[in-house]
Amino acid sequence: MSEVTGRQRVSVQVPGKINLQLSVGPRREDGYHELVTVFQAVSLYDIVHVEPAKAWSVSVSGPQGDSVPVDESNIALQAAQALAQRALKILDADATSLIAPVSIAIEKQIPVAAGMAGGSADAAAALVACAHLWGLEAAREDLEVVAGELGADVPFLLHGGTAVGTGRGDDITPVLAQGEAHWVLWLSEGEGLSTPAVYAEFDRLHEQVEPPAPELSPELVAALRTMDPVAMGPALHNNLTPASLSLQPALQDVLDAGRELGALGALVSGSGPTVAFLVGSQAGALDLSMGLAARGPGGDIMRVTGPVPGAHVVDSRGRGSRLGSH
Ligand code: C5P
């Protein structure tokens, strides 16, 4: 067995996501909706640090850190504890001595309750960080199982890149996508939107007419091959948008503003309220962000690119390994 010396701390960087396609189908018996989505991980990141501690804990810093719970309901803490439980079940006794409580510190940049999977990103990052700390990288499949149990978006944030999600959105298939897409994000400064509330509104709007079975857009898949923004723009689609707009009607003005200012595509990301505008270049992103800032509606405006990698270790000190997997 290797000795663990020095201070151990693992830091993982994880991106937020936008949905280039979100086609939500009928509600299932388990309350989730069958869907087809195309995720893209974009260059707006949280950093999650884990280190061994006497007791489990989580803290959050960053502009919206105060709106993230730091009790047992924190999804990054739940992720670390779920991985520990699974590892204790599958490893032999000798291999389990590293698996002990951690303190988790989240540096939060991804907006909260914004449709960018910020909570799911932190869960994915906590899984990768704890797996590294505990020497479990060989157990990649276990990470994916635990990820799927934590939330529908968590498996994608392990992968990153551009990928299709089916089922609840947690069954991930990478998409052939070469090149770089430039996005301008409009982030709400006001209240976020609760994902369950938006799905409930979707159900209410579909009380009379059941939504069709979701299908992957062939136009979007073709456009993604070369990340051609002119072809991608019209293929962007999100059928949750009427529900998000019903709860936050002012978002329509944001979509209109970006279109008027020449965005090649505009859509609400996931359940919103973040709005993503597709542009053709870095210069186009600068132009659009300045135009939006001048025209309003007021919000935080950011320029990002995609795709970027999923949760990955960026710093690690004094780690131990019980599986010889490094
Ligand atoms: O899995 P996650 O906790 O991220 O999902 C949040 C909520 O979004 C669920 O409780 C559900 O209301 C809704 N949802 C859904 N169908 C999906 C994904 C999410 O109804 N496929």
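The values are calculated or read from the model by the stated rules, or taken from the named source; none is laboratory data. The structure presented is a predicted model; accordingly, all values stated were derived computationally and were not measured. As a convention, Cβ positions derive from the backbone with ideal geometry for all residues, glycine included, and neighbour counts pool all protein chains shown. These area figures cover heavy atoms from the full protein model, side chains too; ligands, DNA and RNA do not enter into them. Shrake-Rupley method; radii C 1.70, N 1.55, O 1.52, S 1.80 Å.
At-a-glance table
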quantity: Meets criteria (among the small types (G, A, S), within 15 Å of the ligand (Cβ to nearest atom) and at pLDDT 95 or above) for G119; calculated: yes
quantity: Hits in the stretch 184-205 (condition: within 12 Å of the ligand (Cβ to nearest atom) and either charged (D, E, K, R) or open to solvent by 30 Å² or more (accessible area, probe 1.4 Å) (or both)); calculated: S194, T195, P196, A197, Y199, A200, E201, D203
quantity: Odd one out for E210, checked against (1) within 16 Å of the ligand (Cβ to nearest atom); (2) touching a strand residue (DSSP E or B) at 6+ places or on another chain (Cβ under 7 Å); (3) at pLDDT 95 or above; (4) over 20 Å from L255 (Cα atoms); calculated: (3)
quantity: Check on L255, in contact with a strand residue (DSSP E or B) (Cβ under 7 Å, 6 or more places away or on another chain) and in contact (Cβ under 8 Å) with a residue 60 or more places away in the chain; calculated: no
quantity: Verdict on I18 being in contact with a Leu (Cβ under 7 Å, 6 or more places away or on another chain) and of a type outside the set (D, E, K, R); calculated: no
quantity: Members of the stretch 104-113 that are within 15 Å of the ligand (Cβ to nearest atom) and buried (at least 23 other Cβ atoms within 10 Å of the Cβ); calculated: I110
quantity: All positions within the stretch 135-159 that are open to solvent by 50 Å² or more (accessible area, probe 1.4 Å) and in contact with a Gly (Cβ under 7 Å, 6 or more places away or on another chain); calculated: H159
quantity: P234 within 13 Å of L20 (Cα to Cα), loosely packed, with under 15 Cβ neighbours inside 10 Å and touching a strand residue (DSSP E or B) at 6+ places or on another chain (Cβ under 8 Å); calculated: yes
quantity: From T173, T162, T166, residue being among the β-branched types (V, I, T), at pLDDT 95 or above, within 16 Å of the ligand (Cβ to nearest atom) and surrounded by 13 or more Cβ atoms within 10 Å (Cβ to Cβ); calculated: T166
quantity: Residue among P218, P229 that alone is surrounded by 18 or more Cβ atoms within 10 Å (Cβ to Cβ) and modelled with pLDDT of 95 or more; calculated: P229
quantity: P249 vs. criteria touching a residue at least 12 places away in the same chain (Cβ under 8 Å) and open to solvent by 10 Å² or more (accessible area, probe 1.4 Å); calculated: no
quantity: Those residues of the stretch 270-295 which are away from the ligand (no atom under 16 Å from the Cβ), touching a residue at least 40 places away in the same chain (Cβ under 8 Å) and open to solvent by less than 30 Å² (accessible area, probe 1.4 Å), in sequence order; calculated: V275, A276, F277, L278, V279, G284, A285, L288, S289, L292
quantity: Hits in the stretch 25-81 (condition: open to solvent by less than 20 Å² (accessible area, probe 1.4 Å) and at pLDDT below 95); calculated: G65
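Let's see how each residue does on (1) touching a Gly at 6+ places or on another chain (Cβ under 8 Å); (2) farther than 30 Å from A131 by Cβ:
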{"position": "H237", "(1), (2)": "no, yes"}
{"position": "L286", "(1), (2)": "no, yes"}
{"position": "L292", "(1), (2)": "yes, yes"}
{"position": "P309", "(1), (2)": "yes, no"}
{"position": "R317", "(1), (2)": "yes, no"}
